[in-house]
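The values are calculated or read from the model by the stated rules, or taken from the named source; none is laboratory data. Predicted model, so just to flag it, every value in this text is computed and none were measured. Note that each Cβ is placed from the backbone with ideal geometry, even for glycine, and that neighbours are counted across all protein chains shown.
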Amino acid sequence: MNKTLRMAALAAGVLLTISQLVPAQAAGRHGPKYEWDLKPTGSASQFRGLAAVSADVAWVAGSQGQVLRTVDGGKKWENVSPPGQTLLFRDVEAFDADTAVVLAIGTGDASRIYRTADGGKTWAESFRNTDPVAFYDCLDFNNKLHGLALSDPVDGKFRIAETSDGGKSWRIQSTKGMPAALPGEFAFAASGTCLVAGPGRMAWFATGGGDRPRVFRTLDGGRSWKVTDSPMASGEAAGIFTLAFRGPLHGVAVGGDFATTGGAVKAASYTSDGGRSWKLVPADKAPKMYRSGSAYVPGTLATFIAVGPTGSDVSVDGGRSWKQFDDGNYDSVECAGHGFKAACWASGPKGAVARLTVSH
C-alpha cells in the first residue's frame with residue numbers, strides 16, 4: 001500500500017489519567033464507570049506519538065514537528081518542539097520529565113530520531129535514515145539504555161535500528177536473523193505501538209498488508225526473530241496496528257481495517273505464551289470497529305485499553321473480551337505508574353487531550 005494512504009489514515013485524540021483501574025467484578029456488578037475530562041493543549045496538531053512517565057509527566061509528539069510536555073498532569077502544556085522542523089513525529093519515548101526520544105516517519109531521510117536530555121530545551125539528531133527505501137514506523141525501549149526502531153522491509157526483510165546508549169546513537173542490525181517479509185507486508189505507523197519492548201531483551205512487532213498479519217518476537221535484543229501467523233484479518237489497509245504486553249507472556253493484538261466504515265472483522269487476539277501463539281477474540285467480544293492503540297494498565301491483574309477513531313474499549317480479562325466505554329476519536333494510549341497511581345494517557349487529532357476519571 002502506498003505511504004500516502006498509510007500516513008493519511010488513522011485519526012484520534014485524548015489524554016487519559018487513571019487513578020485506579022481494577023477488574024470489573026471487584027468494582028461491583030456493572031464494573032467501574034469511565035469518563036473523559038478534556039484538557040486543552042492550545043495545539044491543532046495530531047498527536048499519534050505518546051509517552052506516559054507518571055500521572056504528572058507525559059509527552060506527546062505529532063504533525064508539523066510538534067512536541068509538547070506536561071509536568072502537572074495536563075493542566076499546562078509546554079511546546080518543546082525541535083526548532084525549525086515540520087516533520088511527522090509518530091512516536092515518542094520518555095524516561096522522565098527531561099529525557100525523551102522522538103521518531104519522525106517517512107521514506108528516506110524523512111525518517112529521523114531526535115533526543116533531548118533537558119526537557120526539550122535542546123535536541124540532538126541521533127539518527128537519519130539514508131536508505132531511500134526504508135520507512136521507520138515505531139520505536140521502544142527495554143530500559144533507559146537499550147531500544148529498537150522498526151523499518152518496513154528493505155530487500156525483502158524488516159529492518160531494525162538498535163541503541164545501547166539511550167538513543168544517543170543508533171546502528172542498523174544485520175537482517176540475517178530476520179525472517180523474510182510476505183509480499184505487501186509492512187508495519188503501521190499508527191500509534192507508536194507496532195513495536196513494543198518487554199523485560200530483558202524481549203520485543204515484539206506486528207504487521208499487516210499481506211495475505212495474513214503476523215507477530216515477530218525476539219529474545220536477544222533484535223538479533224534473531226521468530227514469527228507467528230495471526231488469526232486476525234489482513235489486507236491493504238488491515239492487520240495488527242498495536243500490541244501491548246503485561247510481562248513476558250500475556251499480551252494483546254488489536255487492529256482491523258482503517259479504510260472500512262462498517263464493523264471490524266477479526267480485530268483482536270491475545271496470547272498467553274509470549275506471542276508464540278495467538279487466539280482470536282470472537283466478534284461478539286471484540287472491539288466493534290478498528291482500533292489503532294492499546295496499553296496494559298499497570299497495577300492490575302489483566303486490564304488493557306484500546307483506542308481508535310470511533311471510541312475506546314476496556315478489557316479486564318487479558319484481552320479475551322472487550323467493552324466499549326466511549327465513542328470519541330483517539331489514536332494512541334499509554335500507561336505508567338502502579339495501583340492507585342496508575343496513569344493512562346491517550347492522544348489524537350486537533351491537539352485533543354483529556355483525563356480519564358474512573359468511578360465505582
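Restricting the first residue to region 174-198 and requiring it to be without any contact (Cβ under 8 Å) to a residue 24 or more places away in the chain, which pairs with a second residue that is assigned to a loop (DSSP other than H, G, I, E, B) meet a Cβ separation below 8 Å and a spacing of at least six or different chains?
Partner pairs satisfying both residue conditions: 175/155.
Name the residues in region 61-73 that are buried (at least 24 other Cβ atoms within 10 Å of the Cβ) and part of a loop (DSSP other than H, G, I, E, B), would you? If you could, list the steps in order and put the result at the bottom.
Let us first name the residues in region 61-73 that are buried (at least 24 other Cβ atoms within 10 Å of the Cβ), namely 61-62, 66-69.
66, the sole residue that qualifies.
Can you pull out the residues in region 130-156 that are over 18 Å from residue 241 (Cα atoms) and assigned to a strand (DSSP E or B)?
So in region 130-156, the residues over 18 Å from residue 241 (Cα atoms) come out as 130-134, 141-147, 154-156.
Of everything in region 130-156, those that are over 18 Å from residue 241 (Cα atoms) and assigned to a strand (DSSP E or B) turn out to be 141, 147, 154.
Restricting attention to region 113-154, which residues are among the hydroxyl-bearing types (Ser, Thr, Tyr), crowded, with 17+ Cβ neighbours inside 10 Å and within 21 Å of residue 47 (Cα to Cα)? Walk me through how you get there before you give the answer.
Residues of region 113-154 among the hydroxyl-bearing types (Ser, Thr, Tyr): 114, 116, 122, 126, 130, 136, 151.
From what is left, the residues that are crowded, with 17+ Cβ neighbours inside 10 Å are 114, 116, 126, 136, 151.
Once the filter is applied, which keeps residues that are among the hydroxyl-bearing types (Ser, Thr, Tyr), crowded, with 17+ Cβ neighbours inside 10 Å and within 21 Å of residue 47 (Cα to Cα), region 113-154 yields 114, 116, 136, 151.
For region 113-132, which residues satisfy the criterion of being among the β-branched types (Val, Ile, Thr) and touching a residue at least 12 places away in the same chain (Cβ under 8 Å)?
From region 113-132, those among the β-branched types (Val, Ile, Thr) are 113, 116, 122, 130; that's our starting set.
Answer for region 113-132, where residues must be among the β-branched types (Val, Ile, Thr) and touching a residue at least 12 places away in the same chain (Cβ under 8 Å): 113, 116, 130.
Examine region 254-263 for a residue that is surrounded by fewer than 20 Cβ atoms within 10 Å (Cβ to Cβ) and under 18 Å from the mean Cα position of the chain (by Cα), and state whether such a residue exists. Walk me through how you get there before you give the answer.
In the first step, residues of region 254-263 are kept if they are surrounded by fewer than 20 Cβ atoms within 10 Å (Cβ to Cβ); the result is 259-263.
Those left that are additionally under 18 Å from the mean Cα position of the chain (by Cα): none.
No, because not a single residue in region 254-263 is surrounded by fewer than 20 Cβ atoms within 10 Å (Cβ to Cβ) and under 18 Å from the mean Cα position of the chain (by Cα).
Quick one: in region 52-95, which of the residues that are under 18 Å from the mean Cα position of the chain (by Cα) and among the acidic types (Asp, Glu) is farthest from residue 146 (Cα to Cα)?
In this case the residue turns out to be 91.
Looking only at region 257-272, decide whether some residue is among the acidic types (Asp, Glu) and part of a loop (DSSP other than H, G, I, E, B). Walk me through how you get there before you give the answer.
As a first pass, look at region 257-272 and keep what is among the acidic types (Asp, Glu): 257.
Imposing the further condition that a residue be part of a loop (DSSP other than H, G, I, E, B) reduces the set to none.
So far as region 257-272 goes, no, none of its residues is among the acidic types (Asp, Glu) and part of a loop (DSSP other than H, G, I, E, B).
Would you confirm, using the coordinates I've provided, whether residue 199 is under 22 Å from residue 252 (Cα atoms), surrounded by fewer than 21 Cβ atoms within 10 Å (Cβ to Cβ) and modelled with pLDDT of 95 or more?
On the way: under 22 Å from residue 252 (Cα atoms): yes; surrounded by fewer than 21 Cβ atoms within 10 Å (Cβ to Cβ): yes; modelled with pLDDT of 95 or more: yes.
Considered against the rule, which asks whether it is under 22 Å from residue 252 (Cα atoms), surrounded by fewer than 21 Cβ atoms within 10 Å (Cβ to Cβ) and modelled with pLDDT of 95 or more, residue 199 comes out as yes.
Which members of region 157-170 meet the condition of being part of a strand (DSSP E or B) and aromatic (Phe, Trp, Tyr)?
So in region 157-170, the residues part of a strand (DSSP E or B) come out as 157-163.
Residue satisfying the conditions is 158 alone.
Residues to consider are 274, 293, 328; find the one that is touching a residue at least 24 places away in the same chain (Cβ under 8 Å), surrounded by fewer than 24 Cβ atoms within 10 Å (Cβ to Cβ) and touching a Leu at 6+ places or on another chain (Cβ under 9 Å). Steps first, answer last, please.
Working: 293 fails: surrounded by fewer than 24 Cβ atoms within 10 Å (Cβ to Cβ); 328 fails: touching a Leu at 6+ places or on another chain (Cβ under 9 Å).
Just one listed residue meets the conditions, 274.
How many of the residues making up region 221-263 are aromatic (Phe, Trp, Tyr) and either in contact with a Pro (Cβ under 7 Å, 6 or more places away or on another chain) or within 15 Å of residue 322 (Cβ to Cβ) (or both)?
2
Give the residues of region 174-196 that are among the aliphatic types (A, V, I, L, M) and surrounded by fewer than 16 Cβ atoms within 10 Å (Cβ to Cβ), sorted by residue number. Spell out the reasoning first.
Narrowing region 174-196 to residues among the aliphatic types (A, V, I, L, M): 178, 180-182, 187, 189-190, 195-196.
Correct list: 180 only.
Quick one: in region 276-289, which of the residues that are part of a loop (DSSP other than H, G, I, E, B) and touching a Ser or Thr at 6+ places or on another chain (Cβ under 7 Å) is nearest to residue 263 (Cα to Cα)?
Step by step, filter region 276-289, then rank; the result is 289.
Could we say that residue 239 is outside any loop (DSSP other than H, G, I, E, B) and within 20 Å of residue 181 (Cβ to Cβ) here?
On the way: outside any loop (DSSP other than H, G, I, E, B): yes; within 20 Å of residue 181 (Cβ to Cβ): yes.
Criteria met by residue 239.
Restricting attention to region 90-112, does a residue exist that is in contact (Cβ under 8 Å) with a residue 12 or more places away in the chain, loosely packed, with under 14 Cβ neighbours inside 10 Å and part of a strand (DSSP E or B)? Talk me through it step by step, then tell me what you get.
Our first condition is that a residue be in contact (Cβ under 8 Å) with a residue 12 or more places away in the chain; within region 90-112, this holds for 90-112.
Those left that are additionally loosely packed, with under 14 Cβ neighbours inside 10 Å: 96, 108-109.
Among the residues that remain, those that are also part of a strand (DSSP E or B) are: none.
No; the residues of region 90-112 include none that is in contact (Cβ under 8 Å) with a residue 12 or more places away in the chain, loosely packed, with under 14 Cβ neighbours inside 10 Å and part of a strand (DSSP E or B).
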